Amino acid sequence: MDLNTLIDNRKLKNNEIRILVNESERICLDFFKRNYIYSDKEAVEELGVESDLIEQLIEDYVIQIINCIVVFEEHLSILKREKYESKALNYTSFRELAHKNLGVARNLRIKDSEEILNKLLKKDDLEYLENLLHVLEACVVKLNPTKSYETMQLIKLKKFI
């Protein structure tokens, strides 16, 4: 690959990330009615670890949530099918996944994700839950746009393999 192609590819990626961030900021602002910006200061102070470690944990959290959103969507699809078939809805797997991720959000002091995950634990409205998943994804995109984008691209690639 020549240098011009590499530059063009980088520009395209940066533009796609910029669009993703702008959309995520809009989604979060619409939902929360405020502009939350994460700071690792509280996590660093309360956990007694270096900022570099928190940054790495945030990257891991972003990857985890983006991957979990796929699983959340699978659970939601099952719930929708059960509702359509007039079966009793079993939220257990959905809520267990939300609870697991809530612990990580709390430990890292990620307030917006914590709020969304709490709602995922308590709400039964399937459309609202689906909306919450979009907001959760937007929250993690804002945390680390590049890692979010790369993880989303890997998930898309895995679907075709």
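Taken together, the values in this text are just the output of simple stated rules run on the coordinates, not laboratory data. Source: prediction; values computed, not measured. Counting neighbours? That spans all protein chains shown, and the Cβs are built from the backbone with ideal geometry, glycine included.
Annotations
- Pairs beyond 29 Å (Cα-Cα), from 13/159; 33/147; 11/100: 11/100
- A DSSP coil position with no more than 15 other Cβ atoms inside 10 Å describes the following trypsin sites (Lys or Arg not before Pro) in region 25-84: 33, 34.
- Aspartates and glutamates whose Cα lies under 17 Å from that of residue 41, excluding same-chain neighbours fewer than 8 positions away: 50, 52, 55, 59, 112, 114
- Exposed-loop-free span, longest in the chain, where GluC sites (Glu not before Pro) count as exposed if DSSP calls them loop and at most 13 other C-beta atoms lie within 10 Å: 86-161
- Gyration tensor (alpha-carbon) shape descriptor, region 22-161, a/c threshold 1.5: prolate
- Using just its DSSP H runs of length 4 or more, each adding -39500 (n - 2.57), the chain gives a mean residue ellipticity at 222 nm of -28500 deg cm²/dmol after division by all residues.
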